[in-house]
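A short worksheet on the structure shown next.
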Amino acid sequence: MKFFILKENIKKAVLIVSRATSIGGNLPILKNILFKKEGDYLTLSATDLEIAINSWIPLKIKENFSPLVIPGNILADVLNLIPDEKIEIEFKKEKIILRSKNFETKINSQNASDFPILPKIKKENPIKIDIQILKNALNSVIGATSVTSVRSDLTGILFYLNKENLKFVATDSFRLAQKIIDKNFYQTKTKEEVKLLIPKKTIQELIKIIDLFDNLSFLDIYFDPNQIIFDFQNTILISRLINASFPEYQEIIPKKFDTQIVVSKEKLISGIKLSSLFSSRINDLKFKIPTTLKNLELISQDSISGENILYIDAKIEGSPQEIVFNYKYLLDGLKPIKSEKVFLGINKNSKPSLIKDIEDNSYIYILMPIKI
């Protein structure tokens, strides 16, 4: 089967599905992309057995060909180096041929029968959601997921759909981030409450794929008890779900605070970055609220680099106190905030503190202090 295609169209499809190819592992076949014809479409598929990505390219050709399995990295490199905007592709037995006026490249296929059977899911009762709202929500919480796999329930993001809204929540037990999407930004006929735990890797790949669809306004989400699909119309990302229960976190969200602070977000971030230059190996940064309640003091010191004290103008109510945080965790919590001012609710006795946008209650970040 032969056909002409714009290089950018095939290049984009290869780039997207390559995100699901396996880098290592004991199954070399997973480093490849499966090509096959389905009706009037050329289908590209890849999987690492945790996620799978399918992408469809329209073809007005009736001729069929036997499925081919092509090394994704080689094909991507060839397409990156081809100068022509339009190329001819031919599928022959056991190889794919790319050619134009000045070149011809033949890439051998592996045995397509060795390629894993890709998971399928019934497309019923989708959640249609604003794609940029979804991306911003995921970026707001993904930093709070655990980097270790000791507890599987902490390595993913909670997808919690209820009658009022859609929540995304992540925690590593030291901090917790929650972002709420108002029902005005999504549509669904699903009536029951839904709780799914999506792997962090899936979310990372989803965010990267969203960046490649800047002209798309909405995507559809389908799910069953074991897997979830993100449908971009001509591309789908399928992922397994984590078989674990997310911690019951609502009770740890503080409702009252010993000290309440409203401060400039940019001044606070700048102050934390400066103070971090003198933080110790445990990334500790002391917040001191003096008895005058006029300034927020950031104090950091290290036996090797030295020490630093920084004063930031802030509106403070409550009691004076000193508390130590991990400065990297603080920065993670402040980045998603959009307004100029940020609220910090701080508690004594090693109780959790809370960070939020003073103009937007849809995002909260809870942080445990460091015990020194």
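None of the figures in this text is laboratory data; all of them are computed from the coordinates on show. Owing to the predicted nature of the structure, the values given are computational and were not obtained by experimental measurement. Counting neighbours? That spans all protein chains shown, and the Cβs are built from the backbone with ideal geometry, glycine included.
Would you please give the FRET efficiency between residue 283 and residue 256, computed as 1/(1 + (r/R0)^6) with r the Cβ-Cβ distance and R0 = 41 Å, to the nearest 0.05? Computed FRET efficiency for residue 283 and residue 256 comes out at 0.90.
Placing unit charges on the Cβ atoms only, positive for Lys and Arg and negative for Asp and Glu, gives the chain a dipole magnitude near 340 debye about its Cα centre.
In order along segment 7-13, phi translates into HN-Hα couplings of 4, 5, 5, 6, 5, 5, 5 Hz, rounded to whole numbers, per the Karplus curve 6.51 cos²θ - 1.76 cosθ + 1.60 with θ = phi - 60° and x for Gly and Pro. If the chain linking residue 309 and residue 50 were pulled fully straight, counting 0.36 nm for each residue of separation and taking away their Cα-Cα distance, it would gain 88.5 nm. Multiplying the residue separation of residue 185 and residue 274 by 0.36 nm and subtracting their alpha-carbon distance yields 28.2 nm. Couplings for segment 195-205, taken from phi via the Karplus curve 6.51 cos²θ - 1.76 cosθ + 1.60 with θ = phi - 60°, read 10, 10, 10, 9, x, 4, 4, 4, 5, 4, 5 Hz in order; Gly and Pro are left as x. Estimated from the Cβ-Cβ distance and a Förster radius of 35 angstrom, the FRET efficiency linking residue 328 and residue 23 is about 0.85. Database remark: amide H of residue 314 closer than 5 angstrom to the amide H of 296 (H placed geometrically; neighbours at sequence offset of 5 or more, or on other chains; Pro and chain starts carry no H).
About its Cα centre, segment 127-240 has a charge dipole of approximately 240 debye under the convention of +1 per Lys or Arg Cβ and -1 per Asp or Glu Cβ, with nothing else charged. Taking the charge dipole of the chain about its Cα centre, with +1 at Lys and Arg Cβ atoms and -1 at Asp and Glu Cβ atoms, the residue from 165, 186, 318 reaching farthest to the positive side is 186.
The string of couplings for segment 353-369 from the Karplus curve (6.51, -1.76, 1.60, θ = phi - 60°) is 10, 10, 10, 7, 6, 6, 9, 9, 7, 6, 10, 9, 9, 10, 9, 7, x Hz, one whole number per residue in order, with x for Gly and Pro. Multiplying the residue separation of residue 111 and residue 99 by 0.36 nm and removing their Cα-Cα distance gives an extension gain of 2.0 nm.
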